[in-house]
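Notes follow the structure.
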Amino acid sequence: MKKRALITGVNGMDGSHLSDFLLDKEYEVFGLERRSSVKNRTNTSHLEGKVRFLTGDLSDQNSLLRALKESNPDEVYNLGAQSFVGESWNTPEQTSDVTGLGALRMLEAIREYGKEIKFYQASTSEMFGRMVENPAKETTPFYPRSPYGVSKLYAHWITKNYRESYDMFNVSGILFNHESERRGHEFVTRKITDGVARIFLGLSDQIALGNLDSRRDWGYSPDYVEAMWMMLQLEDPDDYIIATGECHSIREFLDVAFNHVGIENWSKHVVQDPRYMRPAEVDVLRGDYGKAKNDFGWSPSTSFENLVKKMLDNDIRLLKKEKN
Ligand code: NAP
Ligand code: G4F
């Protein structure tokens, strides 16, 4: 019998890579998407006919129970969220509702449905925020710095609490930043690779950015979705950090990207725009993935330089196609 998985946030970056990964493993994959006036399947257009799309919303309790009944999953991956940190100051209530309470609603739906289902919660390094220990470990105290980080912390704790209260197989994967060719355009990495590709092709001259000094531990999304699956195959549920252990500044990201297209001095191409500064910044994030390596043998396979180059080459290809 094929295993069945339900993925919330299926059209997002991770949701689409996880679908690819699970289909390769012969899962039946169901994807929860919310209704929108224009379909947003840029990342999943290649999956039409392979993934079964269900309509639902993490802010609507009954729609989640209905999705469970329709998919009867063995595993639920809760990847749906308002995931953009900057936006969370504009819509803190909606962010808390979907990103925080959404996890509670899915856990309640699983309890109500009554089947033993393994649950994965997409937790984040943003919960460490102003890091009190570098690199962060699973035991490091949390200090979130945005409504998004606070919401994710609620989702993390409710996942753990339901595991302890009801003996559910719940895992919280604390993933550090990860990117891919499918990353949304508002996130800094994709904004840079798209911007550099445009400059290289003569379509634009400048990229407007915010804080260039923050540092992130950037990995590659396809490596990270494998870790999500590995966590759900463990004997006992637990929480794990997934990271590379390295961190780089936005300036270093710009260096690698511009150098890749032969531009050494990029300063005239980058302007700092106060619109992209945040009310409270997370200056540095770096994680220790030692527990994941030890317990299930996971380690990252894509270097920082390769990640930047893959994203940039893809944006150049897409823009050339668009131009033609
Ligand atoms: P993403 O590309 O922004 O995808 C998020 C998905 O959630 C989108 O498909 C979005 O659908 C969906 N969604 C938003 N509101 C919803 C709602 N009310 N009901 C149902 N679905 C909703 O994010 P990602 O980068 O793939 O990340 C996946 C998850 O991991 C997120 O929970 C994120 O917070 C978390 N995370 C990400 C990273 C990272 O670096 N990428 C690191 C740690 C944790 P629409 O298209 O309709 O908006
Ligand atoms: O790319 P970002 O928007 O990602 P951020 O805030 O680190 O959040 C991402 O990673 C989290 C895991 O740590 C996830 F939970 C979350 O869902 C999301 O995927 O910003 C990265 C850094 C920040 O310090 C930001 O201030 O880049 C800085 N930055 C500088 N200029 C910019 C810009 N960020 C954006 N989005 N746009 C800019 O123009």
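The values are calculated or read from the model by the stated rules, or taken from the named source; none is laboratory data. Since the structure is predicted, the reported quantities are computational estimates derived from the model, not experimental observations. Cβ atoms come from the backbone with ideal geometry, glycine included; neighbour counts cover every protein chain shown. With ligands, DNA and RNA removed, areas are computed over all heavy atoms of the protein, side chains included. Shrake-Rupley method; radii C 1.70, N 1.55, O 1.52, S 1.80 Å.
Brief remarks follow.
- PHE258 being within 16 Å of ligand 1 (Cβ to nearest atom) and in a helix (DSSP H, G or I): no
- Within the stretch 147-165, the presence of a residue that is surrounded by fewer than 21 Cβ atoms within 10 Å (Cβ to Cβ) and part of a loop (DSSP other than H, G, I, E, B) is excluded.
- PHE21 vs. criteria touching a residue at least 24 places away in the same chain (Cβ under 8 Å), part of a helix (DSSP H, G or I), of a type in the set (Phe, Trp, Tyr) and more than 12 Å from ligand 1 (Cβ to nearest atom): yes
- Flag for GLY245 being part of a loop (DSSP other than H, G, I, E, B), among the small types (Gly, Ala, Ser), open to solvent by 40 Å² or more (accessible area, probe 1.4 Å) and more than 30 Å from SER165 (Cβ to Cβ): no
- Residue among LEU101, LEU107, LEU64 that is open to solvent by 50 Å² or more (accessible area, probe 1.4 Å), on the phi < 0 side of the Ramachandran plot and either in a helix (DSSP H, G or I) or within 16 Å of ligand 2 (Cβ to nearest atom) (or both): LEU101
- Output for the stretch 166-184, where each listed residue is part of a loop (DSSP other than H, G, I, E, B), more than 23 Å from TYR289 (Cα to Cα) and either of a type in the set (Phe, Trp, Tyr) or more than 11 Å from ligand 2 (Cβ to nearest atom) (or both): ASP167, MET168, GLU181, ARG182
- So GLU87, is it acidic (Asp, Glu) and outside any helix (DSSP H, G or I): no
- Looking only at residues of the stretch 67-90 that are open to solvent by less than 40 Å² (accessible area, probe 1.4 Å) and over 21 Å from LEU54 (Cα atoms), we find that the one that is nearest to the chain's Cα centre (by Cα) is VAL85.
This table checks each residue for (1) closer than 16 Å to LEU79 by Cα; (2) over 16 Å from the mean Cα position of the chain (by Cα); (3) at pLDDT below 95.
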| residue | (1), (2), (3) |
| --- | --- |
| SER16 | yes, no, no |
| ASP20 | yes, no, no |
| LEU23 | no, yes, no |
| GLU26 | no, yes, no |
| LYS39 | no, yes, yes |
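- Check on GLY219, in contact (Cβ under 8 Å) with a residue 60 or more places away in the chain and of a type in the set (Gly, Ala, Ser): yes
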